[in-house]
1. Scan Gly85, Gly108 and give me the residue that is over 15 Å from the mean Cα position of the chain (by Cα) and farther than 29 Å from Gly47 by Cβ.
2. Which one is nearest to Ile89 (Cα to Cα) among residues in the range 210-224 that are touching a residue at least 12 places away in the same chain (Cβ under 8 Å) and assigned to a helix (DSSP H, G or I)?
3. Among the residues of the range 225-246, what is the count of those that are among the aliphatic types (A, V, I, L, M) and assigned to a helix (DSSP H, G or I)?
4. Inside the range 181-191, can you point out the residues that are surrounded by fewer than 21 Cβ atoms within 10 Å (Cβ to Cβ) and either within 19 Å of Leu90 (Cβ to Cβ) or touching a Ser or Thr at 6+ places or on another chain (Cβ under 8 Å) (or both)?
5. For residues that are farther than 17 Å from Ala103 by Cα and of a type outside the set (Phe, Trp, Tyr), scanning just the range 133-152, find the one that is least open to solvent (accessible area, probe 1.4 Å).
6. How do the strands (runs of 3 or more DSSP E) wholly within the range 61-138 filter down when requiring 3 or more residues that are among the aliphatic types (A, V, I, L, M): which remain?
7. Give the residue, chosen from Leu176, Leu243, Leu216, that is aliphatic (A, V, I, L, M) and within 22 Å of Thr87 (Cα to Cα).
8. Check off (1) open to solvent by less than 30 Å² (accessible area, probe 1.4 Å); (2) within 21 Å of the chain's Cα centre (by Cα) for Leu225 and give me the number that stays unchecked.
Amino acid sequence: MCILHTMPEPPTPSTALTDSCKDCTLRGLRMFCNLRDDALQHLDHIGVQARYPARVNIFGQGERARALHVLCSGHVKLSATSREGKTMILKIAWPGDVLGLSALLSQGDYEVTAETLEPCQVKTLRRDEFLAFIDGFSEAGRHSLESMAHEYQAAFRDARRLSLAASAASRLANVLMEMAQNASCGKAEMRFTMALTHEELGNLAGLSRETVTRLLGKFQRERLLAIKGSSITIVDARRFSSLTEA
């Protein structure tokens, strides 16, 4: 059995699934999972796959990092909370993202809380399983390093967005454009499902809920976005992209 986390009365994931990493049709889009067949076959036989419902924690900030979590489907909110109780959303994790890697390798605590935004499928590896895996398959170790480098670059882009963006519209446009690009996977249509509330979206962009609501309405009136329920489509990618540079 894989120990996912230790929390008072933690949410219990469903029973292990039979989904195969080798048979995953999306693995080519995923940095960590895009491995040779022999490595994927080994990955299938270690760890555990589980489903989590929406709005539960996979792990919490400050917990000892005993496992690595690969997000197979769904979206996860990564946030940090100060001693004063102020919470900041740092990132939205997408399928293929590796959660808790730096904390696991440093034998420390998780730096963030990982909360599901919708039903998610997660592949979890204990620390000893993961270390044995990268020892046995150098490709997996290289991909892990690439994942950490990608995480660092994303953190740098987020810090730059919050500190250098000249306007509220630019901050929000940057967040929405990044979500659309992640969801499109190279396709022409830039459409995605918004799993965040306006308040959470504002937290991520460094804006108030009221400002987010006002700007979304403005983007729609200017025919930059089309919003239908939780679905958002960037109608004019060229004009919308120009806002990210404002």
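1. Exactly one residue qualifies, and that residue is Gly85.
2. Checked the range 210-224; the qualifying residue nearest to Ile89 (Cα to Cα) is Val212.
3. Count: 2.
4. Passing the criteria: Gln181, Asn182, Ala183, Glu189, Arg191.
5. Ala140
6. Passing ranges, in order: 67-73, 76-81, 87-93.
7. Answer to the selection: Leu176.
8. With respect to (1) open to solvent by less than 30 Å² (accessible area, probe 1.4 Å); (2) within 21 Å of the chain's Cα centre (by Cα), Leu225 is out only on (2).
The values are calculated or read from the model by the stated rules, or taken from the named source; none is laboratory data. For clarity, every value in this text was computed on a predicted model and none was experimentally measured. Note: ideal-geometry Cβ built from the backbone for every residue, glycine included; neighbour counts use all protein chains shown. Quick note on the areas: whole protein, heavy atoms, side chains included, nothing else; ligands and nucleic acids left out. Shrake-Rupley method; radii C 1.70, N 1.55, O 1.52, S 1.80 Å.
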